[in-house]
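What follows is a single structure, written as structure tokens, with notes after it.
The values are calculated or read from the model by the stated rules, or taken from the named source; none is laboratory data. What you are looking at is a predicted structure, and each value in this text was computed from that prediction instead of being measured. Glycine also receives a Cβ, built like all others from the backbone with ideal geometry; neighbour counts cover every protein chain displayed. With ligands, DNA and RNA removed, areas are computed over all heavy atoms of the protein, side chains included. Shrake-Rupley method; radii C 1.70, N 1.55, O 1.52, S 1.80 Å.
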Amino acid sequence: MGTNGSTMLAPLRQGLPPIDPSAVSGSVSCALPARHEAVRGARQFTRTTLGQWDLGHRFDDVALVVCELVTNALRHALAPESPSQAETAADPYAGAPECPVRLHLMHWTGRLVCAVRDPSRDGPTARESEEDYSAESGRGLLLVDSFSDGWGWHPLAGSLRGKVVWALFRLG
């Protein structure tokens, strides 16, 4: 965990309405390992951070979105590097980098953004309207869309590889 979320501010502005830099109240991030337990860690990090920012009343919606974005990054963006079939059965993320996913929380006056960075350049795809809604998975982005005030994604530029998927919450 850390407070080095500043590297994410510029790329996120590309997909958000203009933000006055003087209105930035806080920015934190944490590295997440390629393990299912990372979702729990992301949720705890979010609870602690929102509490420190006096935004605990927004925890339920923000945590649901954070968990969906982290789950999507772990499930779809991480491809194992040729693990054996036994390793794959025991651990679907065997061979993946130790901390390939990063959660960023950024707070501006009137706005909160949660963003998840992962190593894949492939964009997230929401379920098509004619698909089977009784399926047990595949509704994460629909939840993100329903519980946030907007979301989007973009590939990372420069020396950073991958993409960022973000969700915006209006405060107040």
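Scanning the range 146-172 for residues that are under 18 Å from Pro100 (Cβ atoms) and among the charged types (D, E, K, R) yields Arg161, Lys163. Which one is modelled with the lowest pLDDT, of the residues in the range 112-136 that are touching a helix residue (DSSP H, G or I) at 6+ places or on another chain (Cβ under 8 Å) and open to solvent by 10 Å² or more (accessible area, probe 1.4 Å)? Filtering the range 112-136 for residues that are touching a helix residue (DSSP H, G or I) at 6+ places or on another chain (Cβ under 8 Å) and open to solvent by 10 Å² or more (accessible area, probe 1.4 Å), the one modelled with the lowest pLDDT comes out as Arg127.
Mind listing whichever residues of the range 141-172 are hydrophobic (A, V, I, L, M, F, W, C) and touching an Asp or Glu at 6+ places or on another chain (Cβ under 7 Å)?
If the condition is that a residue be hydrophobic (A, V, I, L, M, F, W, C) and touching an Asp or Glu at 6+ places or on another chain (Cβ under 7 Å), then Leu143, Val144, Phe147, Trp151, Leu168, Phe169 are the ones that fit.
For Leu69, are the conditions met, namely being crowded, with 16+ Cβ neighbours inside 10 Å, closer than 22 Å to Leu160 by Cβ and modelled with pLDDT of 95 or more? Against the criterion (crowded, with 16+ Cβ neighbours inside 10 Å, closer than 22 Å to Leu160 by Cβ and modelled with pLDDT of 95 or more), Leu69 qualifies.
Looking only at the range 35-66, residues that are open to solvent by 20 Å² or more (accessible area, probe 1.4 Å) and small (Gly, Ala, Ser) come to 3 in all.
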